[in-house]
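Take a look at the structure set out below.
The values are calculated or read from the model by the stated rules, or taken from the named source; none is laboratory data. The structure displayed is predicted, hence computed values, not measured ones. Don't worry about glycine lacking a Cβ; one is built from the backbone with ideal geometry, like all the others, and counts go over all protein chains shown.
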Amino acid sequence: MAKVLISDALSEAAVQIFRDNGVEVDFQPKLGKDPAKLAEIIGDYDGLAIRSATKATADLIAKATNLKAIGRAGIGVDNVDIAAASAKGIVVMNTPFGNSITTAEHAIAMMFAVARQIPEADASTRAGKWEKSRFMGTEITRKTLGLIGCGNIGSIVADRALGLRMKVVAFDPFLSTTRAEKLGVTKVETIEELLPLADFVTLHLPKTEKTAGLLNEDRIRLMKKGAYLINCARGGLVDEAAVAQALHDGHLAGAAFDVFAEEPATDNPLFTAPNVVCTPHLGAATSEAQENVALQVAEQMSDYLMKGAISNAINAPSVTAEEAPILKPWIDLAEILGGFAGQVTESPIKEIEIEFVGKVGELNLKPLTSALTAALMKPLVGEGGVNMVSAPIVARERGVKIAETRKDEQGAYGSYMRLIVTTEKQTRSVAGTVFSDGKPRFIQIKGIGLEAEPLDFMLYTTNADTPGYIGALGTKLGDLGVNIATFALGRSVKDGEAIALVGVDQELSEATLTEIRALPQVKQAKALKF
């Protein structure tokens, strides 16, 4: 039974979802604030469900010997070391849609609050003052809203702003012209183009190496004089000191921040600047949103741990619960083909191409490609150096190009996969299929047809097609005490190059391989392990 630790506050309904799906739950909502205790026990769990209090650092992940999934109830994963998790094959999931409306509404609320100076007016009135002339506000209607980031949350903000009769311009490198037209926003190509156009600027994008410090002092000075800046996205996207200075000298009319570079924010230059509205990271803080993300992360983690389904993963391809059992035998085949190629390849790999022929090409290919790439890279980088999650990253770091090709059904096998590996010295291929019994089979190696079931231990040889080779190889293995389980042969043309794939009952030693390579017909001999 899978076992999940919940180290932050999640609702009882989320806990029950885990239990209803057959997952054992250890609910310790205060543990996220005790990293030492968390590190002591994390090795006992298959899954870790968190909010923002738990910090899944590289050190914690190193101690998580059994961990398969980290589920973040919320959109931000700043508190998870994604690289460390990926290196260990831990799937990191978030819930990007559970609090989208709530966060978008908060951005709109902050825009109204700063435009009409509501917090200061409220404090003044409660203090017994009646300062109508002091709090002169700005209308929202007919003003231009500049969106930096127009993804899920940004598009909701755009919809609400258009309903308020605002004009919306948006910068987002992933926003297509078609999508912009559908949303009713004007797309611009650069931030520098957007900033002088907008009366209000609001941010809706994650914090990454590229976006950290995105609005620096120079860009803030590009904003229209008297404009307003709203950040309900991520702390660290904006130079807060530069914003404070722009407020003090009147370049900006106001700012509203829900997130800060350092949180909890107890001392910040914005706090003493005029017309600033600050809230303590409340973007997702509604009862509806908190319940939604808790339920969603429980469902996602249960599906993965119990069924192999992956959804909303930061570092792995998505697999639905319906796809998982269909993909399983093809993933097994992908690992066999990749493992074979990785074990027989001796020179650096430049490129791999994976052909998906027939019905397999209609499946979700990303998990198949990841599984194959991981198996291919393992012999080259070590058992612990790559997994299905980290494989694309490892391949990219080593300059290995990956291509996928779908082809219509052809040949004797209705559906199969072929891996073509290009190294610095040569190009070689291996192909396989899944039979009706759900088991993988080799069907072709180096363009030579043969049929062989993969076994735990195998011997692969390339040899001259001459009489007596089968007997010589069989005798040699017998003399060496190696029992043959299966024996598959193939050749290119008569008297040409031939291959043999032999299933054996034990792992072959280097001494045994030396003896086999000494046979006059043998050109290459490799021990395989699957």
Task: Looking only at the range 144-171, and only at residues there that are out of contact with any helix residue (DSSP H, G or I) (no Cβ under 7 Å at 6 or more places or on another chain) and part of a loop (DSSP other than H, G, I, E, B), the one that is surrounded by the fewest Cβ atoms within 10 Å (Cβ to Cβ) - done: ARG165
- [ ] Scan the range 182-220 residue by residue and report those that are farther than 18 Å from ALA244 by Cβ, exposed (fewer than 15 other Cβ atoms within 10 Å of the Cβ) and charged (D, E, K, R).
- [x] LYS182, GLU189, GLU192, GLU193, GLU209, LYS210
Task: Odd one out for THR54, checked against (1) polar (S, T, N, Q); (2) more than 15 Å from GLN296 (Cβ to Cβ); (3) buried (at least 22 other Cβ atoms within 10 Å of the Cβ); (4) modelled with pLDDT under 90 - done: (4)
Open item on the list: Given (1) among the hydrophobic types (A, V, I, L, M, F, W, C); (2) closer than 30 Å to SER155 by Cα; (3) at pLDDT 95 or above, identify the lone condition not met by VAL77.
Closed with: (3)
Open item on the list: Of everything in the range 203-241, what is within 15 Å of GLY154 (Cβ to Cβ), assigned to a loop (DSSP other than H, G, I, E, B) and of a type in the set (A, V, I, L, M, F, W, C)? Give them in sequence order.
Closed with: LEU205, LEU214, CYS232, ALA233, LEU237
- [ ] Answer yes or no: is there a residue in the range 388-397 that is surrounded by fewer than 23 Cβ atoms within 10 Å (Cβ to Cβ), out of contact with any helix residue (DSSP H, G or I) (no Cβ under 9 Å at 6 or more places or on another chain) and either in a loop (DSSP other than H, G, I, E, B) or outside the structural domain of ASP26 (by TED's automatic domain parsing) (or both).
- [x] yes
Open item on the list: Tell me the residue from LYS359, LYS366, LYS378, LYS350 that is over 22 Å from the mean Cα position of the chain (by Cα) and in a helix (DSSP H, G or I), please.
Closed with: LYS359
Open item on the list: Cβ contacts < 6 Å: first residue modelled with pLDDT of 90 or more, restricted to the range 436-451; second residue among the polar types (S, T, N, Q) and crowded, with 20+ Cβ neighbours inside 10 Å, any location; separation 6+ or different chain. Result?
Closed with: ARG441/THR433; ILE443/THR433
- [ ] For GLY503, indicate whether it is without any contact (Cβ under 8 Å) to a residue 60 or more places away in the chain and assigned by TED's automatic domain parsing to the domain that holds LYS359.
- [x] no
Open item on the list: I'd like the residue in the range 278-306 that is surrounded by fewer than 20 Cβ atoms within 10 Å (Cβ to Cβ) and of a type in the set (A, V, I, L, M) and, out of all such residues, is nearest to GLU262 (Cα to Cα).
Closed with: LEU282
Open item on the list: So for the range 304-317 (the condition being hydroxyl-bearing (Ser, Thr, Tyr), assigned to a helix (DSSP H, G or I) and within 15 Å of ARG418 (Cβ to Cβ)), does at least one residue qualify?
Closed with: no
Task: THR373, sole failed condition from (1) buried (at least 20 other Cβ atoms within 10 Å of the Cβ); (2) part of a strand (DSSP E or B); (3) not small (Gly, Ala, Ser) - done: (2)
Open item on the list: Between ALA49, ALA69, ALA14, ALA62, which is surrounded by 14 or more Cβ atoms within 10 Å (Cβ to Cβ) and either farther than 23 Å from SER318 by Cβ or among the hydroxyl-bearing types (Ser, Thr, Tyr) (or both)?
Closed with: ALA62
TODO: Taking ALA403 as the residue in question, decide whether it is free of Cβ contacts under 8 Å to residues at least 40 places away in the same chain and either part of a strand (DSSP E or B) or surrounded by 18 or more Cβ atoms within 10 Å (Cβ to Cβ) (or both).
DONE: no
